[in-house]
C-alpha cells in the first residue's frame, strides 16, 4: 500500500545531527567545569627569574606576573605544556 504522508511544517534535523550537537555541548560543559574544579596542572617554582617568556608564549593567556614570580591561572590553563618547554630555567613543572 502506498499511503501519502503529509509533510510536516516543522523541519526535522537530519539523522543524528541534533543529537550529536547536544552531546558535544554536554561534553564541552563537563570539560570546562572539571578544568575549573581541578588544581593547576603546572606549577611555577621559586626558581622563576621573572623573565616573562612563559607569559608571552602561553596561548591561553593563563600566566601573569605575581609577587616575585609568575603565576598560572587554573581557570584559563589548558594544560598544553608550552610554558614547560619555553622556560629557560626549568622553573615550571607538571603537578
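Throughout, read-outs are computed from the coordinates displayed, never taken from laboratory work. Bear in mind the structure is a predicted one, so any value in this text is a computation, not a measurement.
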(message) Suppose the chain between residue 79 and residue 65 were pulled fully straight at 0.36 nm per residue; how much longer would it get relative to their current alpha carbon spacing?
(response) 3.2 nm
(message) Could you work out how much longer the chain between residue 46 and residue 93 gets when fully extended? Use 0.36 nm per residue separation minus the Cα distance between them, nm to one decimal.
(response) 15.8 nm
